[in-house]
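The values are calculated or read from the model by the stated rules, or taken from the named source; none is laboratory data. Not measured: the values here are computed from a predicted model. Every residue, glycine as well, gets a Cβ built from its backbone with ideal geometry; the counts of neighbours run over all protein chains shown. In case anyone asks, the SASA skips ligands and DNA or RNA and just uses the protein heavy atoms, side chains included. Shrake-Rupley method; radii C 1.70, N 1.55, O 1.52, S 1.80 Å.
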Amino acid sequence: MQTHRQAATPLIEPPAVTAADECRRLRIVARIEAPHLWDSTAARLLDCARRRWQGRPDIADHPALRRWSQIQDSQQRPEQPCLRTLFAAYASGSLVGGDPCADLAAAVMLLASCPAEAVQQADPLNSQYTVRFSVYGYREDDLPLAEDLITTAILACGTLLARRCTIMHPPARSTAPLVDHPTPDLLVLGNRGSTAAR
């Protein structure tokens with residue numbers, strides 16, 4: 001007598017296949033417990049990023065910079081942060097440091113070529129504070145490097161509180177515009193059956 005065996009479910013789910021036009025948004029929240037160490041870590045990373053591009057005449061030809069400039073021009077990505085503005089500030093010598101959140105975001109953009117921003121939220125009752133990071137990347141971008149830079153800096157002087165990566169889908173374009181000129185697209189944040197316009 002034969003018995004029917006059900007196939008065992010895999011222990012590890014296969015990675016989700018993402019389309020080439022899907023933008024991933026990585027969000028990280030951290031608590032900074034040693035502010036002086038946080039300041040020096042961010043400054044050192046920004047110095048490394050500056051050295052990477054120092055004396056290079058081909059900044060304008062950087063593939064990630066050109067791709068993100070086209071994305072920004074077509075308004076298929078969030079308004080901020082802007083990779084083109086940061087690289088222009090670096091090329092003109094007007095990129096100044098001193099703010100650890102801005103320094104770390106700039107270092108991520110220069111080293112990993114992913115648009116990034118970091119926002120500090122101070123706790124008035126404590127010397128510690130929280131920093132929230134947002135990093136954007138398409139398949140061609142080095143989002144894992146951006147994440148490694150951020151988490152390494154955090155672990156040197158604080159605690160990683162949360163990490164979330166979501167997929168942002170541009171909405172389908174209609175074939176006939178409602179007015180004589182095309183309107184800008186909105187990004188939609190995909191989240192299991194429900195979507196929220198951004």
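Within segment 114-132, being open to solvent by less than 10 Å² (accessible area, probe 1.4 Å) and not β-branched (Val, Ile, Thr) holds for Cys114, Pro115, Ala116. The residues of segment 62-81 that are modelled with pLDDT under 85 and either exposed (fewer than 13 other Cβ atoms within 10 Å of the Cβ) or in a loop (DSSP other than H, G, I, E, B) (or both), listed by number, are Gln70, Asp73, Ser74, Gln75, Gln76, Arg77, Pro78, Glu79, Gln80, Pro81.
If you scan segment 119-171, which residues turn out to be of a type in the set (A, V, I, L, M) and not in a strand (DSSP E or B)? Of everything in segment 119-171, those that are of a type in the set (A, V, I, L, M) and not in a strand (DSSP E or B) turn out to be Leu125, Leu143, Leu145, Ala146, Leu149, Ile150, Ala153, Ile154, Leu155, Ala156. Of all residues in segment 21-40, those that are open to solvent by less than 30 Å² (accessible area, probe 1.4 Å) have Cβ atoms under 7 Å from Cβ atoms of residues that are modelled with pLDDT under 90 and part of a loop (DSSP other than H, G, I, E, B), 6 or more apart or on another chain, in Cys23/Arg77; Cys23/Tyr138; Ile32/Gln128. The set of residues from segment 90-114 being under 21 Å from Gly137 (Cβ atoms) and among the aliphatic types (A, V, I, L, M) comprises Ala102, Leu104, Ala105, Ala106, Ala107, Val108, Met109, Leu110, Leu111, Ala112. In segment 103-120, the residues that are closer than 16 Å to Cys48 by Cα reach residues that are in a strand (DSSP E or B) and open to solvent by 10 Å² or more (accessible area, probe 1.4 Å) with C-beta atoms within less than 6 angstrom, at least six apart or across chains, in these pairs: Leu104/Ala118; Ala105/Glu117; Ala105/Ala118.
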